[in-house]
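Beneath this line is the structure, given in structure tokens, with notes to follow.
Laboratory data are not the source of any read-out in this text; all were calculated from the coordinates shown. It should be emphasised that the depicted structure is a prediction, and the values quoted were computed from it without experimental measurement. FYI the Cβ positions are ideal-geometry reconstructions off the backbone, even for glycines, and counts take in every protein chain you see.
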Amino acid sequence: MSNNAASFDLSGRTALITGSTIGIGFAIAEALASAGANIVLNGIEDEKDAQPSLDTLQSTGQQAWYCRTDLSQPGAALSLYNAASVKAGPIDILISNAAIQFGQKFPDIGEDELDLQFATNFKASLQLTQSVLPHMQAQGWGRVITIGSVQEEIFNSNFIVYAALKTAQTHFICNLAKEYGSDGITFNNIAPGIFDTHRNKDFLSNSKNRDQFVSKIPSGRIGLPSDCAGTALLLCSEAGSYINGSNNFIDGGLRL
């Protein structure tokens, strides 16, 4: 296939993107919608709070839906999959983006924080992938992308659990790429660096913190949610059909 605009066309595909009403998840949703995909947004907000994001996607002419789900809760991943399937039909693309992060030193890590991070950052990704896999196998096409973190390679004693779970998520994605790549499904991870998102708003509003990080980034700036969108679109498209089992750091070189 020639590498032209048609190879990025996702018309007729449906994507489920967790944690996607704002930030990186929503930037990816916009990119996939612009390429013709229908989108199921997910978050913990009330529907009225998610409506502006939904309206933006629907203004592209694509279908879009919202499923409110707290993926830290028991049974939430299967509940989300079932709700998304009822609204949108079979899921062709899964972007597992939702995550919880607690900044804690190792001696202070409690069971509640550990369980919440495990459920959201790893268990939900695994269970949602289990749910979408049969349809993808049956049609001989599918895309699964997890969102990891630069902390998979940069060690921060305040985020030991978060980083470990992101690394585990990438490991399971690479295993699936090897196991199911011959079924026409690709499995990849995107690992952002430090981004100007709601999660980092307070930290980056401190000019000292911002300047300290910028000084470590060869590209000389903090990332924007849109910086992840192009990579996600490539990995979801036919143009990226030979990329499988990869870990893509979108970090401006921070990990270097």
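Things worth noting here:
- Segment 5-107: trypsin sites (Lys or Arg not before Pro) falling in loop per DSSP and having at most 15 other Cβ within 10 Å: K105
- Nearby lysines by direct alpha-carbon distance to K166 (threshold 24 angstrom, same-chain neighbours under 8 apart not counted): K105, K123, K178, K201, K216
- Nonlocal amide H pairs with G184, under 5 Å, H built at 1.01 Å: none
- Comparing mean-square fluctuations of T21, T56, T146 from a GNM of the chain with C-alpha springs under 10 Å, the top value falls on T56.
- Order of C67, C174, C228, C236 - criterion: other Cβ atoms within 10 Å of each residue's Cβ, fewest first: C174, C67, C228, C236
- Taking a Cβ cut-off of under 9 Å around A35, the surrounding Lys, Arg, Asp and Glu residues balance to a net charge of 0, with basic ones at +1 and acidic ones at -1.
- Prolate/oblate/rounded label for segment 89-185 (Cα gyration tensor, a/c 1.5): prolate
- Centre separation in Å (Cα based) which lies between segment 48-94 and segment 111-168: 18 Å
- Proxy reagent accessibility, fewest Cβ within 10 Å first, across S34, S215: S215, S34
- Rg/Rh (Cα only; Kirkwood hydrodynamic radius) as it applies to segment 1-145: 1.01
- Cα point-scatterer Debye curve for segment 6-66, base-10 log of I(q)/I(0) at q = 0.26 Å⁻¹: -1.03
- Rule-of-thumb Rg ratio for segment 38-77 [Cα; 2.2 N^0.38 Å; N residues]: 1.24
- Placed amide H near A191: partners under 5 Å, 5+ positions off or other chain: G148, N248, F249, I250
- Ranked list, fewest to most other Cβ atoms within 10 Å of each Cβ, for R221, R255: R221, R255
- Between S215 and V86, residue separation times 0.36 nm minus the direct Cα-Cα distance comes to 41.7 nm.
- Here segment 140-245 is treated as a Stokes sphere of Kirkwood radius computed over C-alpha pairs; at 37 °C and 0.692 mPa s its diffusion coefficient rounds to 215 µm²/s.
- Springs between Cα atoms under 10 Å define the GNM used for the chain, and in it the highest mean-square fluctuation of V161, V214, V132 occurs at V214.
- The smallest convex shape that holds all Cα atoms of segment 67-129, its convex hull, gives 78 Å³ per residue.
- In the chain, taking the dipole from charged Cβ atoms about the Cα centre, the farthest positive-side position among I154, T167, Q62 is held by I154.
- Cleavage-rule hits, chymotrypsin sites (Phe, Trp or Tyr not before Pro), segment 111-180, DSSP coil, Cβ neighbours within 10 Å at most 12: F155
- Charged neighbours of F195, selected by a Cβ distance under 10 Å, balance to -2 (K, R count +1; D, E count -1).
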